[in-house]
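Notes to accompany the following structure.
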Amino acid sequence: MLIRENIRLVRVAECLFLGLWLFVAPAWGQNGSGNADQREILGQILTQTFQPSVVGKGIMGVGSATAIRRAGTIVVVQRPGLFGSFDRNEIASSEIHGLDATLYRGNKEYEVPAGERFYVFNVSVVQDNVTIALLSARMVNNAKGSGRVWTALTFYFPAQTLANADKDEVLRGIAPWLAPEGLAPVSAPAYQPIAPPATLQPGASTPVPAAAVAPQVPPAPARNPSPPAQLAVGMSRDEIVAALGSPQREMSFEGTTWLTYPNMVLVLEGGKLKSIDQSAPAPARVAVHSTPDGAEIYLDGQLVGSTPSSLELPAGTHELSVRLSGYQDWTRSMRVLSGSEINLNAVLEKK
């Protein structure tokens, strides 16, 4: 009898413990790991939205720290107030609170203008902020030569916003600063670009006043418009953008850069304006994908990136190859037309 009574008491205790566990466990899960899970989900959503690129040296240290090994989303800066660094170890990091930016760490070597394009290479979500790390999509001239610049933006939000994975509120906070290339931002930038007070023309001893801000209703363009008066051979890209604003398109290939503006294309060599072509055709845009991803893209024998990538090519005949170790090369000779858009999908076969 005593043994049976002890067994009964043990079973009663087990039932009481199980009932207590079922009562406490849901609340414990909500107060403990639930928020972390929601932040992880938000991180996945932002990663899918911005599709970070793979940058840096390849296997066994081959390549440079700024090499784009796999291109992802390019974002366009919407507001001034950010800075860049040429040293990844001293990356320029800014705190973003609404429409205010403050550099809190890193080198302040380059003032990032609105319209600058960057590859996203990292997205992270922590307790009360979202950080997006960026590498410039072009080489920027500096006193030591030229190179890509690094910057990081840390957006602060109420902790509960991130805990609830409120992606709409987070994207609304990011949109005034960064917008994926080719997509309209969630809300328009809350600033009006202002032309600099003066531009120093190459060879001149005194600054020449920059053009005034264009009126809201511009006059109809002339049939054969002349180049803007503030342009001069030898100007840098930054001086051109300060004078004319961001180009409609920008393309670089083998040391030459084409900046496309309405009714004209500016040609830069070595980072300096060489000529103004008012009859140049618009470049073609070619999207290159492969199966599997991560293959190298060669254009006319030159390595230009990795799949998936979007390229802009001057009109004409080009040879494009997609190469991946262990697979046969995929090569196409194609003639592209001015302003056309082409999608290529290279299905690679194993050797």
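The values are calculated or read from the model by the stated rules, or taken from the named source; none is laboratory data. In this text, all values refer to a predicted model and were calculated from it rather than measured experimentally. No Cβ is skipped: glycine too gets one built from the backbone with ideal geometry, and neighbour counts run over all protein chains shown. Heads up: the accessible areas ignore ligands, DNA and RNA and are worked out on the full protein's heavy atoms, side chains in. Shrake-Rupley method; radii C 1.70, N 1.55, O 1.52, S 1.80 Å.
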In region 337-351, the residues that are part of a loop (DSSP other than H, G, I, E, B), open to solvent by 30 Å² or more (accessible area, probe 1.4 Å) and at pLDDT 90 or above: GLU349
In region 289-309, anything closer than 11 Å to ALA71 by Cα, among the acidic types (Asp, Glu) and not in a strand (DSSP E or B) is listed as ASP293
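One line per residue, one yes/no per condition, for (1) at negative phi; (2) of a type outside the set (A, V, I, L, M); (3) in a strand (DSSP E or B):
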{"residue": "GLU95", "(1), (2), (3)": "yes, yes, yes"}
{"residue": "TYR104", "(1), (2), (3)": "yes, yes, yes"}
{"residue": "ASN107", "(1), (2), (3)": "yes, yes, no"}
{"residue": "VAL130", "(1), (2), (3)": "yes, no, yes"}
{"residue": "LEU134", "(1), (2), (3)": "yes, no, yes"}
{"residue": "ARG138", "(1), (2), (3)": "yes, yes, no"}
{"residue": "ASN141", "(1), (2), (3)": "yes, yes, yes"}
Just need a number here: residues in region 61-102 that are modelled with pLDDT under 90, of a type in the set (Val, Ile, Thr) and more than 18 Å from the chain's Cα centre (by Cα). 1
Among the residues of region 111-132, how many are open to solvent by 10 Å² or more (accessible area, probe 1.4 Å), over 19 Å from THR257 (Cα atoms) and within 11 Å of the chain's Cα centre (by Cα)? 2
List, please: which pairs have Cβ atoms under 7 Å, are six or more places apart or on different chains, and start with a residue in region 129-141 that is within 14 Å of GLY56 (Cα to Cα) and end with one that is charged (D, E, K, R)? LEU135/ARG148; SER136/GLU116; SER136/ARG148; ALA137/ARG117
Which pairs turn up if I take residues in region 325-351 that are closer than 17 Å to SER309 by Cβ and look for partners that are of a type in the set (Phe, Trp, Tyr) with beta carbon separation below 6 Å, at least 6 apart in sequence or on another chain? ALA346/TRP330; LEU348/TYR327; LEU348/TRP330
